[in-house]
1. Please list, ordered by first then second residue, the pairs with beta carbon atoms under 9 Å, 6 or more apart or interchain, first in segment 305-334 and under 18 Å from Leu121 (Cβ atoms) and assigned to a helix (DSSP H, G or I), second among the basic types (Lys, Arg) and open to solvent by 100 Å² or more (accessible area, probe 1.4 Å).
2. Return yes or no: is Lys203 touching a residue at least 60 places away in the same chain (Cβ under 8 Å), in a loop (DSSP other than H, G, I, E, B) and of a type in the set (Lys, Arg)?
3. Quick one: count up the residues across segment 57-83 that are within 16 Å of Tyr38 (Cα to Cα) and either modelled with pLDDT under 80 or open to solvent by 60 Å² or more (accessible area, probe 1.4 Å) (or both).
4. Condition first: in a strand (DSSP E or B), more than 27 Å from Lys219 (Cα to Cα) and not polar (S, T, N, Q). Can you find one or more residues in segment 157-178 that meet it?
5. Among the residues of segment 28-46, write down those that are more than 10 Å from the ligand (Cβ to nearest atom) and out of contact with any helix residue (DSSP H, G or I) (no Cβ under 8 Å at 6 or more places or on another chain).
6. Which of the residues spanning segment 1-27 are farther than 22 Å from Lys66 by Cβ and within 14 Å of the ligand (Cβ to nearest atom)?
7. State all residues of segment 237-265 that are under 14 Å from the mean Cα position of the chain (by Cα) and assigned to a helix (DSSP H, G or I); if no residue qualifies, say none.
8. Being buried (at least 19 other Cβ atoms within 10 Å of the Cβ), of a type outside the set (Gly, Ala, Ser) and assigned to a strand (DSSP E or B): is that true of Val227 here?
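The values are calculated or read from the model by the stated rules, or taken from the named source; none is laboratory data. All figures in this text were calculated on a predicted structure; none of them were measured in a lab. Because the Cβ atoms are built from the backbone with ideal geometry, glycine has one as well, and the counts that use them run over all protein chains shown. Heads up: the accessible areas ignore ligands, DNA and RNA and are worked out on the full protein's heavy atoms, side chains in. Shrake-Rupley method; radii C 1.70, N 1.55, O 1.52, S 1.80 Å.
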Amino acid sequence: MSYDVTRDPHLATWRERIELNIKLMRCPACNRVGYKPYIHPDGTIVAEECGKCDHESSCGYHIPPKEWFKEHSQDGDHTNPNYVPPPPPPAIKIDRNVALQVYCLGPKAVRNPLLRYWTNLIRNVAPKHSDTATKYVERMKAALRQFMVGSLPGGYTVWWIVDETGSIRSGKCMKYRSDGHRDKEDKFGFRWMHRSPLVGQQKEGAEYVGCLFGLHQLKNNKDIKEVQIVESEKTAVLMTMFKPTMTWMATMGLGNLNQYRLAPLIDRGIHITCHPDIDGYGKWGDKVEQLKHDCPEAKITLSDYVKDHYYAIDSANTDILDEFERDYILLYSP
Ligand SMILES: [Zn+2]
């Protein structure tokens, strides 16, 4: 059977993208990494623009070969063996001193409603268990130190996004209410730290490139065999308090469970255990299956923990931290 260039090229798999060194290829439409070009069996790319963006809902770019050749049929030779992807733009790098200035346990730290909520919860719930409460408060401080969590005036917590080399790529600055939950009513309740005046000038053309929240833990610990993945930063930090012997990281969004974000773990052969929010099982279940298919070397499993520990009275978007919080109250309240 002959090879039909308009029908037979396939979307590059993860393995092929590593081999071809096009892991960080960018979508022609949205310019984000997470883009699969169509390739021929010999590994040549049909064309840079002929591919599919991973950001299906927010971008949706998809030009299959058939469509591409319809537009470019006069080009003759349809393969491009000499294609070299452009180098990625410089990544934003935030000075560590900025993080130290706003550090939530630092000498000038401002009031932080999220941390106040958790400290009060730990102490007030367990008046008869002051040793336990003290142990948890100490563990919480250790977790806050480990993630260098920051506080800014107005009730903001800063979750720094630090990669496996220790470089600060950005931070998410989020407003919390006194009940420990996000203030989503306030339209200024969220901002990116790489756009904050606190951070100062960046290199010309520098871009924010996302990574897992908590990835910096790989830097000084070569022995990590398993990582627990959750969706929210708050959950990763506070689960480090509840389960300090485990390594917790967050995707920072339901849609961010993908090969790009997980690559530093997959490349190190680390086992990845995913704990979705109760309403995220469908989507993460599909993602885990897709990852196993696209990337057979990935050791990844979907944990049933949140599902198995969910009570009917819990909220519809309960996550693992909500369950540990509930169980702490049940266990220690008088
Ligand atoms: Zn796109």
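1. From residues that are under 18 Å from Leu121 (Cβ atoms) and assigned to a helix (DSSP H, G or I), the pairs are Tyr332/Lys128.
2. Criteria met by Lys203.
3. First, pick out the residues of segment 57-83 that are within 16 Å of Tyr38 (Cα to Cα): 60-72, 77-83.
Checking which are either modelled with pLDDT under 80 or open to solvent by 60 Å² or more (accessible area, probe 1.4 Å) (or both) leaves us with 62, 66-67, 70-72, 77-83.
Summing the residues that are within 16 Å of Tyr38 (Cα to Cα) and either modelled with pLDDT under 80 or open to solvent by 60 Å² or more (accessible area, probe 1.4 Å) (or both) in segment 57-83 gives 13.
4. Yes, segment 157-178 contains a residue that is in a strand (DSSP E or B), more than 27 Å from Lys219 (Cα to Cα) and not polar (S, T, N, Q).
5. Looking only at segment 28-46, we keep the residues that are more than 10 Å from the ligand (Cβ to nearest atom), and these are 36-46.
Of everything in segment 28-46, those that are more than 10 Å from the ligand (Cβ to nearest atom) and out of contact with any helix residue (DSSP H, G or I) (no Cβ under 8 Å at 6 or more places or on another chain) turn out to be Pro37, His40, Pro41, Asp42, Thr44, Ile45.
6. Leu24, Arg26 - these are the residues of segment 1-27 that are farther than 22 Å from Lys66 by Cβ and within 14 Å of the ligand (Cβ to nearest atom).
7. Answer for segment 237-265, where residues must be under 14 Å from the mean Cα position of the chain (by Cα) and assigned to a helix (DSSP H, G or I): Val237, Leu254, Gly255, Asn256, Gln259, Tyr260, Arg261, Leu262, Ala263, Pro264, Leu265.
8. Numbers: buried (at least 19 other Cβ atoms within 10 Å of the Cβ): yes; of a type outside the set (Gly, Ala, Ser): yes; assigned to a strand (DSSP E or B): yes.
So Val227 fits the description; yes.
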